[in-house]
Amino acid sequence: MSTSTYRPVVVITGASSGIGRATALAFARKGARLVLAARRQEELEQAAAACRDLGAEAVAQQADVGEEAQVELLARLAVERFGRIDVWFNNAGIDAFGSFAKFPRAHDPRVRPATGAALKRSRPF
Ligand SMILES: NC(=O)c1ccc[n+]([C@@H]2O[C@H](COP(=O)([O-])OP(=O)(O)OC[C@H]3O[C@@H](n4cnc5c(N)ncnc54)[C@H](OP(=O)(O)O)[C@@H]3O)[C@@H](O)[C@H]2O)c1
């Protein structure tokens, strides 16, 4: 763990795997205080535990970024737990490769709200 006294509060969406999980571990090594979010509870808890094993404070909050109320709850939890938010990493996302016009319409209800919620959350607090 870092010896620095600056311990930023970092919220990471999509922290249950991949880039989000790796970013959480990198912040944990620097002594950040972490609020991790994703939909898969077990994987998310494991990511938070791995951060704590590195000496960081880390909490897991199940949240679907396509659901605005869950994103608002996530922000409130971070402020209630740590008093502020220094970094918000809108990492949760869906990769789709190919022509937008050919993107399956069935995915629209998931992709568009997630994008909208992420953009809204990008505003400064
Ligand atoms: N890897 C690349 O080469 C690459 C390139 C360009 C952009 N990106 C972007 O970088 C981000 C991370 O990519 P990755 O490769 O690390 O992907 P990944 O391993 O599939 O991880 C995606 C993460 O997002 C979470 N997630 C997905 N939908 C969510 C939702 N609706 N609400 C909350 N969490 C959600 C997943 O967790 P749950 O399933 O538990 O919710 C998971 O933790 C994505 O936004 C991706 O589009 C990646």
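All of the numbers you see were taken from the coordinates with simple rules; none came from a lab. Please read all numbers here as calculations on a predicted model, not as lab measurements. Neighbour counts run over all protein chains shown; Cβ positions are idealised from the backbone, glycine included.
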Note to self: Can you list residues from other chains, or at least 5 along the same chain, whose modelled amide H is less than 5 Å from the amide H of Glu57?
What the structure shows: Leu34
Check: Given H placed on each backbone N at 1.01 Å, which residues far from Gly31 in sequence or on other chains put an amide H within less than 5 Å of it?
Finding: Ser2
Checklist line | Relative exposure of Arg33, Arg40, judged by other C-beta atoms within 10 Å (fewest first) | finding: Arg40, Arg33
Notebook entry, point to check: At what distance in nm do the modelled label points of Ile94 and Arg39 sit from each other, each positioned 7 Å from its Cα along Cα→Cβ?
Noted result: 0.8
